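Since the structure comes first, as structure tokens, the remarks are kept for the end.
The values are calculated or read from the model by the stated rules, or taken from the named source; none is laboratory data. Bear in mind the structure is a predicted one, so any value in this text is a computation, not a measurement. Glycine gets a Cβ as well: all are built from the backbone with ideal geometry, and neighbour counts include every protein chain shown. Accessible surface is based on the protein model in full, side chains and every heavy atom, while ligands, DNA and RNA are left aside. Shrake-Rupley method; radii C 1.70, N 1.55, O 1.52, S 1.80 Å.
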Amino acid sequence: MSTLDRRQFLKVSLSGSAFALTAQLLPGRALMAADHEGGLSPSLFVNIDSDGTVSITCHRSEMGQHVRTSIVQVVADELEANFDDVQVIQAPGDPAYGDQNTDGSRSIRRNLTRLRQAGATARQMLRQAAAERWGVDIRECDAVQNVVTHTPSGRSLGYGELAAAAGRLPVPEADSVELKSRDQWRYIGKAIKHVDLDAVTSGQAVFGFDVKMENLHIAVIARPPVLFGTVKSLDDSAARAIPGVINVVQLPALQPPAVFNALGGVAVIATSTWAAMRGRDALKIEWDHGDNASYNSPEYMQSLLETARQPAEVVRQRGDAPGVIASAAHKVSAEYTAPHLSQAPMEPPAATARVSDGKAEIWACTQTPQSTRATVAGALGLEPEAVTVNVTLLGGAFGRKSKPDFSVEAALLSREQGAPVKVLWTREDDIRNGYYHSVSAQRIEAALDDEGNTTAWHHRTVFPTIFSTFNPAAMSPGALEMGLGFVDNPFVVPNMQLERGQAKGHVRIGWLRSVANVYHAFATQSFAHELAVAAKADPKDYLLKLIGPPRHIDLAAEGAEYPNYDDPLEAYPIDTGRLANVVRRVAEQADWSGKRAQGRALGIAAHRSFLTYVATIVEVSVDTDGRWKVDDVFVSIDAGTIVNPDDVRAQCEGGSIYGLSCAIGQITATNGVVDQGNFNDYKVATMPQSPHQVHVDIVESDAPPAGVGEPPTPPFAPALVNALYEATGTRIRDLPVPPIIATS
Amino acid sequence: MKVTINGAEREFSGDQSMPILWFLRDELQMTGTKFGCGKALCGACTVHLDGQPTRACVTPMAAANGRSITTIEGLDGSVGEALKGAWKALNVPQCGYCQSGQLMQAASLLNDNPSPEDADIDQAMAGNICRCGTYPRIRAAIKMAAEGKS
Ligand code: FES
Ligand code: FES
């Protein structure tokens, strides 16, 4: 979002809080006031009832990062509302809230200031209302924990008693609203427990799968096993004979580009989940698999590797890396591959739709209510305003639920059936018909001088791009993906050349927690360790040497396009000092140089993503059979200003374990059909495989807030393979890491 | 057939091959028990059948005839309360979706073994997947609940 957008936004949000303050008391006047302020918007972040109830709206999706807690912390702090009494309202999809797409680790980094302003504005209006009531100067009126007090006289009024009067006041200009100083923060920066803990531990929390309503029909869908496949013939007689099956509906075949549209196939609509599942099992469908039936993972990986061995398009250049390497006495080269992955959120996709009278209402575990609204409207031929999208809790998401295809399915089926329909995805549906993390191959060559310094780095990355999901002709990764841990290579090596190759997509390529950072960090940080080995240096010291002196990297000067996660470089430079700092801190935390027991070893990796700096040390043990285990994990994170340290810790714990899953899982295809289907063949980390503890060290900082949900994931896999190398002498360059490693 | 759910007797006259999960979720509207895999591979649907941890997604109603089921909605008693208390004290859940199953599985563990070692916890909890990666906190919360009890 540009600065201009942000300013407009703030205006909308401020008039919104004025409206909200009065909404239930004086709607007519509130509308006038809002109009007068130049923007008419629905109530946004703050609502205060005359009985004193304070409600705060969370406009981002809750998927385990505890955003419903952190947003309330921020607003309640500046509002001086008592946190424990605040009611949290989950916002529907509406552009009035600004961006609601809960991905890119930006809920806090993009909202901290504007949400503070929303809370502070409401607080100032409450103080103003009290001052006018008492005929005193606002500067003598203090608002603390739901009460405004006139300090000289000791008179006081509750927020509820002031809400109506406050709502009649003009909304103060943003620059006249004073924000608290950091030392006045009551909730921001504190480890506050999650607002949904009671609901979750008692089984009352409502996820997308749990939506209930009168006359609700359940649908499961037999989707084409190969992307863009079509139904050649269908015999649904056995399915229709199953008690409880109401209807069998053939969905329109999907034409490229896939975008967020429904995949097509055959839906079974029933009175219960069990009947729908049995009905689907009874369908006899012959498929025409189409062109993507040519997709076979082993051959495809071979073709990616061949591309990675050929010169490709240069995206960043400093000096003459190929020339230096060609004439170097010491060369190191390596190739790294990583398979497709599935986000596999614990709750598979699920959406309920009720379409009638030219209107649609959706209830879904969506990361993106606004694009759900737009896509559903498009599919039904309605205006977006005719579509309401309600956001349930999300049972995990990791990028999968920022694609609204499942809501589109529910909407199409509800319209067809004339009844509310809930579409449920089984685990097999989720694993076989996903938006996959991209498969990749990379080649890196480097030159070392006689002292073991790296003098040249030449790196090529090849993978089918996310953009192929939106434009089937797209063969080259975009600046977005190049900016995820590739062109932003932080190493001080004097000669550097980075290139991207071309690849064709055969499945829907999507984004998964930290996206291309996963494989780019894997290759870059593994290779850094290989260079340390070649230079006979300590891997942590060598990593620090590669990172070099503290500086801000100017990528534009080296021809690289770099979106910097859509935030300005002035506020969020690529700061190698901060990267080196987390490396040093994690090494100290893990007692890097200390002795380890026989069979145990440490591996280190560090990576900047989503504007946050993370260094990870993984401690492994390997038994005499080569069976390995992660014993301990140490993380140091610098995410700038943070709102809730316990949530940052939790994301470092969970993000590391998600990184472990990324290192052991794989999705492959045979003749275009995904080979895996459930947790028996799509491996994810379990409790016995996971570290007993993830030790988290948070750098205290007043730098602008940066991302937290994704950055802990990328450094995990390289730290793991580096540790395994130290323990066994075997280098894993091709993911997944096998359960047993040959010791050399 | 009759089945007791969280202490209340219920009638069931439908398809005996239907997994208990859908009786709970679709017919009784008790959605605390979750679907994660449908194949006894993730533990999200764990309930107690006559006190034993059971995957509701693969256990047919026929197996519940005349027996007693406890779900997350009915998890109480000293073990249940100690676990829920520890879960909250350590802020265990992230998204929360797996946690009904984790709590039910952990309750079985503590019922059988009031002071489990790490290896016992690994063994008991190995089949309960958490994609958010709350395993370290689950482990710590089980120990905290066990200590609070003993
Ligand atoms: S849903 Fe029953 S074990 Fe996964
Ligand atoms: S808390 Fe999200 S899957 Fe366990």
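Residue-by-condition table, conditions (1) more than 14 Å from chain B (Cβ to nearest Cβ); (2) more than 16 Å from ligand 1 (Cβ to nearest atom); (3) without any contact (Cβ under 8 Å) to a residue 60 or more places away in the chain:
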{"site": "A:Gly290", "(1), (2), (3)": "yes, yes, no"}
{"site": "A:Gln302", "(1), (2), (3)": "yes, yes, yes"}
{"site": "A:Leu305", "(1), (2), (3)": "yes, yes, no"}
{"site": "A:Lys331", "(1), (2), (3)": "yes, yes, no"}
{"site": "A:Ala338", "(1), (2), (3)": "yes, yes, no"}
{"site": "A:Thr352", "(1), (2), (3)": "no, yes, no"}
{"site": "A:Val355", "(1), (2), (3)": "yes, yes, no"}
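Yes/no matrix, rows are residues, columns are (1) over 30 Å from A:Phe228 (Cβ atoms); (2) out of contact with any Leu (no Cβ under 7 Å at 6 or more places or on another chain):
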position: A:Asn680; (1), (2): no, no
position: A:Pro688; (1), (2): yes, yes
position: A:Pro691; (1), (2): yes, yes
position: A:Val696; (1), (2): yes, yes
position: A:Val699; (1), (2): yes, yes
position: A:Ala706; (1), (2): yes, no
position: A:Pro711; (1), (2): yes, yes
inquiry  = Any residue that is at pLDDT 95 or above and either closer than 13 Å to B:Lys34 by Cβ or within 15 Å of ligand 2 (Cβ to nearest atom) (or both) - is there at least one of those in segment B:107-124?
reply    = no
task = Scan (1) over 22 Å from A:Arg731 (Cα atoms); (2) touching a helix residue (DSSP H, G or I) at 6+ places or on another chain (Cβ under 9 Å) for the single condition A:Gly594 breaks and write down its number.
result = (2)
task = Of the conditions (1) on the phi > 0 side of the Ramachandran plot; (2) surrounded by fewer than 18 Cβ atoms within 10 Å (Cβ to Cβ), B:Gly96 clears all except one; give me its number.
result = (2)
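So is A:Thr201 over 30 Å from B:Thr46 (Cα atoms) and either in contact with an Asp or Glu (Cβ under 7 Å, 6 or more places away or on another chain) or surrounded by 19 or more Cβ atoms within 10 Å (Cβ to Cβ) (or both) or not? Step through it out loud before you land on a result.
Working: over 30 Å from B:Thr46 (Cα atoms): no; either in contact with an Asp or Glu (Cβ under 7 Å, 6 or more places away or on another chain) or surrounded by 19 or more Cβ atoms within 10 Å (Cβ to Cβ) (or both): yes.
For A:Thr201, the condition - over 30 Å from B:Thr46 (Cα atoms) and either in contact with an Asp or Glu (Cβ under 7 Å, 6 or more places away or on another chain) or surrounded by 19 or more Cβ atoms within 10 Å (Cβ to Cβ) (or both) - is not met.
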ask   = Do we find a residue being of a type outside the set (Gly, Ala, Ser), part of a helix (DSSP H, G or I) and within 15 Å of ligand 1 (Cβ to nearest atom) anywhere in segment B:81-102?
value = yes
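Condition test on B:Thr70, is it more than 7 Å from chain A (Cβ to nearest Cβ) and among the polar types (S, T, N, Q)? Show your work before the answer.
Values: more than 7 Å from chain A (Cβ to nearest Cβ): yes; among the polar types (S, T, N, Q): yes.
In short, yes.
For residues that are within 13 Å of chain A (Cβ to nearest Cβ) and surrounded by fewer than 21 Cβ atoms within 10 Å (Cβ to Cβ), scanning just segment B:39-58, find the one that is nearest to ligand 2 (Cβ to nearest atom).
As a first pass, look at segment B:39-58 and keep what is within 13 Å of chain A (Cβ to nearest Cβ): B:39-47, B:55-58.
Filter again for surrounded by fewer than 21 Cβ atoms within 10 Å (Cβ to Cβ), leaving B:39-41, B:58.
Working: B:Lys39: 17, B:Ala40: 17, B:Leu41: 14, B:Val58: 20 Å.
Filtering first and then ranking leaves B:Leu41.
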query = Among the residues of segment B:118-145, how many are buried (at least 22 other Cβ atoms within 10 Å of the Cβ) and out of contact with any Gly (no Cβ under 6 Å at 6 or more places or on another chain)?
reply = 13
query = In segment A:677-688, how many are facing chain B (nearest Cβ under 9 Å) and buried (at least 19 other Cβ atoms within 10 Å of the Cβ)?
reply = 6
query = If you take the residues of segment A:115-141 that are touching a residue at least 60 places away in the same chain (Cβ under 8 Å) and small (Gly, Ala, Ser), which of them is surrounded by the most Cβ atoms within 10 Å (Cβ to Cβ)?
reply = A:Ala122
Of the criteria (1) out of contact with any strand residue (DSSP E or B) (no Cβ under 7 Å at 6 or more places or on another chain); (2) under 17 Å from A:Leu394 (Cα atoms); (3) surrounded by fewer than 20 Cβ atoms within 10 Å (Cβ to Cβ), which one A:Val206 fails = (1)
query = Out of all the residues in segment A:715-735, is one or more within 14 Å of another protein chain (Cβ to nearest Cβ) and in a loop (DSSP other than H, G, I, E, B)?
reply = no
ask   = What are the residues in segment A:193-205 that are facing chain B (nearest Cβ under 9 Å), within 22 Å of the chain's Cα centre (by Cα) and assigned to a loop (DSSP other than H, G, I, E, B), if any?
value = A:Lys193, A:His194, A:Asp196, A:Ala205
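Given the options B:Ile142, B:Ile138, name the one that is part of a helix (DSSP H, G or I), near ligand 2 (Cβ under 9 Å from one of its atoms) and among the hydrophobic types (A, V, I, L, M, F, W, C). Spell out the reasoning first.
Details: B:Ile142 fails: near ligand 2 (Cβ under 9 Å from one of its atoms).
None of the other options fit; the residue is B:Ile138.
It is to be established whether one or more residues within segment B:64-72 are within 16 Å of ligand 2 (Cβ to nearest atom) and at pLDDT 95 or above. Steps first, please.
Start the filter on segment B:64-72 by keeping residues that are within 16 Å of ligand 2 (Cβ to nearest atom), which leaves B:72.
If we keep only those that are at pLDDT 95 or above too, we end up with B:72.
Within segment B:64-72, one or more residues are within 16 Å of ligand 2 (Cβ to nearest atom) and at pLDDT 95 or above.
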inquiry  = Restricting to segment B:99-117, count the residues that are in contact (Cβ under 8 Å) with a residue 60 or more places away in the chain, out of contact with any Pro (no Cβ under 8 Å at 6 or more places or on another chain) and open to solvent by less than 20 Å² (accessible area, probe 1.4 Å).
reply    = 2
task = Go through (1) under 28 Å from the mean Cα position of the chain (by Cα); (2) over 22 Å from A:Arg318 (Cα atoms); (3) in a helix (DSSP H, G or I) one by one and return the number of the condition A:Thr524 breaks.
result = (2)
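A quick yes/no check of all residues on (1) crowded, with 22+ Cβ neighbours inside 10 Å; (2) on the phi > 0 side of the Ramachandran plot; (3) within 13 Å of another protein chain (Cβ to nearest Cβ):
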residue: A:Asp638; (1), (2), (3): yes, no, no
residue: A:Glu653; (1), (2), (3): yes, no, yes
residue: A:Ser656; (1), (2), (3): yes, no, yes
residue: A:Ser661; (1), (2), (3): yes, no, yes
residue: A:Thr668; (1), (2), (3): no, no, no
residue: A:Asn671; (1), (2), (3): no, yes, no
residue: A:Asp675; (1), (2), (3): no, no, no
Within segment B:1-38, tally of residues that are polar (S, T, N, Q), within 9 Å of chain A (Cβ to nearest Cβ) and in contact (Cβ under 8 Å) with a residue 12 or more places away in the chain = 2
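Answer with yes or no whether B:Gly148 is modelled with pLDDT of 95 or more, open to solvent by 40 Å² or more (accessible area, probe 1.4 Å) and farther than 26 Å from A:Gln651 by Cα. Reasoning before the result, please.
Values: modelled with pLDDT of 95 or more: no; open to solvent by 40 Å² or more (accessible area, probe 1.4 Å): yes; farther than 26 Å from A:Gln651 by Cα: yes.
Criteria not met by B:Gly148.
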